[in-house]
Structures are given as structure tokens and as C-alpha cells.
Amino acid sequence: MNRTRFFFQLLVLSVMLLLFADCAGNNRNRPMNVDELLMNAASLAGESVIVEGLCTHVCTKSGMKLFLRGTDDTKMIRAESGSTLGKFDPAIVDKHVQVRGKLVEEQISDNTPASHGEEGKGCETEQAAEKVYHIAATSYQMID
């Protein structure tokens, strides 16, 4: 009888440890705001992330870029969709949006071509976005 009780207590303790161990250090499964993502970008590069922010712009040329703003206009990050996700819905502009994807660190150089815009510089929103990191989006949804 005592042996059965001991194994049951051990099982319960083991399950609790597994559940709490996952909650302690894993930020990738919880949504972050843009400011928090940018502040921790160096440690999150290459990881799957969930980020929430105000969508300020969807690229009008390709529809494959979405821009999320943080607490002010200086904190912005670009999310790019691929062929599997397709174009972002322009109706999400000025709405709070949640984007899931991989945080990608870009290698910036003077020879890096801009994607579109006047004289190949990209649109104003793209120029204001964080240039060092972007999100390779796998899904998105409006949360407003």
C-alpha cells in the first residue's frame, strides 16, 4: 500500500515539475509586444516568436509586408509573408494584430538592395522599420 502511494506521489510531482519547467523560461509561446521583442531580439534571433502590435501599413506593391508599431513611431518591426501564407489583408491596417513566425536577423550592408519604392529606397514605412530584424511570418490574425 505504501509503495503504491509513494509512486502516485512521485508521478504527481513529476508531472508538476514538467509543467512548471516549461512555463519558467519559454517566452516563445506567449505573445510579446513590439517593444519587448526588439529589446530581446538578439537572444530571440532564429527562434519562433509571437508578437502583437498596431499594424500601421501593409505594402501596397506586393502585399507581402506588414509593419507593426510599438509604443511610439521609433519602435517598429516588419513581418514578411511567404508564398504559403500569401498576401496580408489590407483591412488590418490600424488594427491590433498578432503575428507568429521566426525572428530573422538581417545582414545589413550598403549593397543590400531595397525592395521597392522611389529610387529603390523602399517606402517611408519600410525605411522607418527596424532594419536589423524582421519576422518571417507563418500566420497572423487581427486581435481587435
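What do you reckon, is V51 at pLDDT 90 or above, within 14 Å of K102 (Cβ to Cβ) and crowded, with 18+ Cβ neighbours inside 10 Å?
Considered against the rule, which asks whether it is at pLDDT 90 or above, within 14 Å of K102 (Cβ to Cβ) and crowded, with 18+ Cβ neighbours inside 10 Å, V51 comes out as yes.
Quick one: count up the residues across region 1-27 that are modelled with pLDDT under 70 and either closer than 30 Å to V132 by Cβ or among the aromatic types (F, W, Y) (or both).
Of the residues in that region, 7 qualify.
Testing R30 on (1) outside any strand (DSSP E or B); (2) at pLDDT 90 or above; (3) not β-branched (V, I, T), one condition comes back false. Which one is that?
Of (1) outside any strand (DSSP E or B); (2) at pLDDT 90 or above; (3) not β-branched (V, I, T), only one is false for R30: (2).
So which residues in region 33-46 are assigned to a helix (DSSP H, G or I) and under 17 Å from H96 (Cα atoms)?
V34, D35, E36, L37, listed by residue number.
Could you list all residues from region 62-86 that are surrounded by fewer than 20 Cβ atoms within 10 Å (Cβ to Cβ) and either in a strand (DSSP E or B) or of a type in the set (G, A, S) (or both)?
S62, G63, E80, G82, S83, G86
The values are calculated or read from the model by the stated rules, or taken from the named source; none is laboratory data. No experiment lies behind these values; they were computed from the predicted model shown. Note that we place each Cβ from the backbone using ideal geometry, even for glycine, and neighbour counts take in every protein chain shown.
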